[in-house]
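Accompanying notes for the structure given below.
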Amino acid sequence: MTTTCSKHIEILHQKALSIIMVVVLSACGSGAEGNHPKNQKRQALVEIKNSENFRETVLAAGDRLLIFDLYADWCMPCKQLEPILEAVAWKKRDVVDIYRINYDENSALAELLGVRGIPFVAFVKGQTLVYSLMGLRPEKAYLEAIASFTRPEDSSDSKPANGGVRLDLGGPPTSQTP
């Protein structure tokens, strides 16, 4: 009888240890990895569906830097650019928001932004197209561009020499700050 009780106790002990291990491993798994971009609930690249969605996004941003990635599903360099921009979005989430626009479904937006080829990445700040990059570039190129447009306002490098191109967003006129 004692051996039978000992065996039952040992089996219960092993099951309890297994349950504890599962709980501990689950808790540890939500630790450091929880801060990794792949585990975040927020989507790194938000899809702009139409001109109205674009307009609302630009108007709501104020002077925050926005990046718009114009892509097409059939474009291989566009597909290669997506993980680069996801990494940039994660690294620079405090100073920039990055959006994707399907070129084939939004020709009016492509025209507004002056797209001549894809991938095309447009940098918009204060309703003004301040910079653009065409083609696939290394991550460093996007990070440098972001840095040049997110410096303090007293920096002479924070705005392009030509002042950028004010976007015609339609709708009621917006107030401009000097």
Problem set entry | Whichever residue in segment 67-85 is over 18 Å from LYS49 (Cβ atoms) and out of contact with any Lys or Arg (no Cβ under 9 Å at 6 or more places or on another chain) and, among such residues, is surrounded by the most Cβ atoms within 10 Å (Cβ to Cβ) | CYS75
Exercise. Out of curiosity, is ASP104 under 12 Å from the mean Cα position of the chain (by Cα) and either among the hydroxyl-bearing types (Ser, Thr, Tyr) or surrounded by fewer than 17 Cβ atoms within 10 Å (Cβ to Cβ) (or both)?
Worked result: no
Seminar exercise, completed: Listed by first then second residue, the pairs whose first member lies in segment 95-124 and is of a type in the set (S, T, N, Q), whose partner is part of a strand (DSSP E or B), with beta carbons under 7 Å and at least 6 positions apart or on separate chains, are ASN102/TYR71
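So, ALA72, is that one within 10 Å of the chain's Cα centre (by Cα) and among the small types (Gly, Ala, Ser) or not?
Details: within 10 Å of the chain's Cα centre (by Cα): no; among the small types (Gly, Ala, Ser): yes.
Considered against the rule, which asks whether it is within 10 Å of the chain's Cα centre (by Cα) and among the small types (Gly, Ala, Ser), ALA72 comes out as no.
Just to be sure before I move on: is PHE120 among the aromatic types (Phe, Trp, Tyr), touching a helix residue (DSSP H, G or I) at 6+ places or on another chain (Cβ under 9 Å), surrounded by 14 or more Cβ atoms within 10 Å (Cβ to Cβ) and at pLDDT 95 or above in the structure I sent? Full working, then the answer.
On the way: among the aromatic types (Phe, Trp, Tyr): yes; touching a helix residue (DSSP H, G or I) at 6+ places or on another chain (Cβ under 9 Å): yes; surrounded by 14 or more Cβ atoms within 10 Å (Cβ to Cβ): yes; at pLDDT 95 or above: yes.
Spelling it out, PHE120 is indeed among the aromatic types (Phe, Trp, Tyr), touching a helix residue (DSSP H, G or I) at 6+ places or on another chain (Cβ under 9 Å), surrounded by 14 or more Cβ atoms within 10 Å (Cβ to Cβ) and at pLDDT 95 or above.
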Exercise. Is it true that some residue in segment 136-159 is modelled with pLDDT of 95 or more, under 26 Å from GLU52 (Cβ atoms) and among the aliphatic types (A, V, I, L, M)?
Worked result: no
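Test VAL115 against the criterion of being in a loop (DSSP other than H, G, I, E, B), within 18 Å of ARG166 (Cβ to Cβ), at pLDDT 95 or above and assigned by TED's automatic domain parsing to the domain that holds LEU45, and give yes or no. Outline the logic, then answer.
Working: in a loop (DSSP other than H, G, I, E, B): yes; within 18 Å of ARG166 (Cβ to Cβ): yes; at pLDDT 95 or above: yes; assigned by TED's automatic domain parsing to the domain that holds LEU45: yes.
It is true that VAL115 is in a loop (DSSP other than H, G, I, E, B), within 18 Å of ARG166 (Cβ to Cβ), at pLDDT 95 or above and assigned by TED's automatic domain parsing to the domain that holds LEU45.
Filter the helices (runs of 4 or more DSSP H) completely within segment 1-100 down to those with at least 2 residues that are assigned by TED's automatic domain parsing to the domain that holds LYS125 and at pLDDT 95 or above. Spell out how you get there, then give the answer.
On the way: elements: 2-29, 51-61, 76-91.
Helices (runs of 4 or more DSSP H) meeting the threshold: 51-61, 76-91.
The values are calculated or read from the model by the stated rules, or taken from the named source; none is laboratory data. Note that the structure is a prediction, hence the values are computed from the model and not measured. Note that we place each Cβ from the backbone using ideal geometry, even for glycine, and neighbour counts take in every protein chain shown.
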